[in-house]
Amino acid sequence: MSTADEVPAFARDVVAGVLISAAEIQNKVAEIGAEIAKDYDGLDPIIVSVLKGSAPLIADLLRVIPIPVTIDFIAISSYGPETRTTGVVRLLKDLDVSIEGRHVLVMEDIIDTGLTLNYILRTLRARQPASLAVGTLFNKPVRRLVDIPLKYRGFDLPDRFVVGYGLDYQEKYRNLPFLCVLKPEITGA
Ligand code: IMP
């Protein structure tokens, strides 16, 4: 374990353990970036990041994609209990650019049931992009309710609520550089 994986004091009482280290995440992001650069060379893709969880990922990923890319952001809010999604989604911020006829790659932080992303993909598909693909850094396959083909997939996770590297619990812990699980008494899981 490197110093990047030491749990900072503010989170020490709530973190049960580190699941994926900061270095493992950075290595994986570099691998995904290299694949994206190879697959989209000459296509001038638009990479769509879903706020807020994907913010660290897009920031790190961009810097390891050595081809021209456009980035854009959407923000949504999903209603439901604190650690579960319902698929009822509200668009808080739309894309700034038109995606018609463009190659679009949605890069997610985590896909759980897939309901949120399913909604986003339906919305984007209606705008007639030349192609629409999805990548995710973290994936919870056992919880999937809708099938979502993944062009890029970082880590498959067990059915545990995780935080760090953009993922939050009640808007906290996004700033941890590693992925970790919280103590059950914190999330009530
Ligand atoms: P889905 O619609 O069930 O796929 O949920 C997707 C969204 O739920 C993600 O973009 C996250 O915001 C949130 N989410 C799902 N699982 C976790 C988790 O383990 N930790 C933090 N947020 C999560």
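Assorted remarks:
- Which listed residue is under 19 Å from L61 (Cα atoms), open to solvent by 40 Å² or more (accessible area, probe 1.4 Å), away from the ligand (no atom under 14 Å from the Cβ) and in a loop (DSSP other than H, G, I, E, B), from P177, P149: P177
- The residues of segment 119-142 that are open to solvent by 50 Å² or more (accessible area, probe 1.4 Å), outside any loop (DSSP other than H, G, I, E, B) and more than 20 Å from L43 (Cα to Cα), listed by number, are Y119, R122, P141, V142.
- Subset tally (residues that are within 15 Å of I47 (Cα to Cα) and open to solvent by 10 Å² or more (accessible area, probe 1.4 Å)) for segment 87-103: 9
- Top-ranked residue in segment 41-62 [being surrounded by 19 or more Cβ atoms within 10 Å (Cβ to Cβ), in a helix (DSSP H, G or I) and touching a residue at least 60 places away in the same chain (Cβ under 8 Å); ranked as farthest from the ligand (Cβ to nearest atom)]: P56
- Inspection of segment 104-118 finds no residue satisfying the criterion of being more than 9 Å from the ligand (Cβ to nearest atom) and open to solvent by 10 Å² or more (accessible area, probe 1.4 Å).
- Annotation: E31 fulfils all but one of (1) surrounded by 16 or more Cβ atoms within 10 Å (Cβ to Cβ); (2) within 19 Å of V106 (Cβ to Cβ); the unmet one is (1).
- Scanning segment 157-170 for residues that are assigned to a loop (DSSP other than H, G, I, E, B) and under 23 Å from V29 (Cβ atoms) turns up L157, P158, R160, F161, Y165, G166, D168.
The values are calculated or read from the model by the stated rules, or taken from the named source; none is laboratory data. As the structure is a computational prediction, the values presented were derived from the model and not from experiment. Here Cβ is always computed from backbone atoms with ideal geometry, including for glycine, and neighbour counts include all displayed protein chains. Heads up: the accessible areas ignore ligands, DNA and RNA and are worked out on the full protein's heavy atoms, side chains in. Shrake-Rupley method; radii C 1.70, N 1.55, O 1.52, S 1.80 Å.
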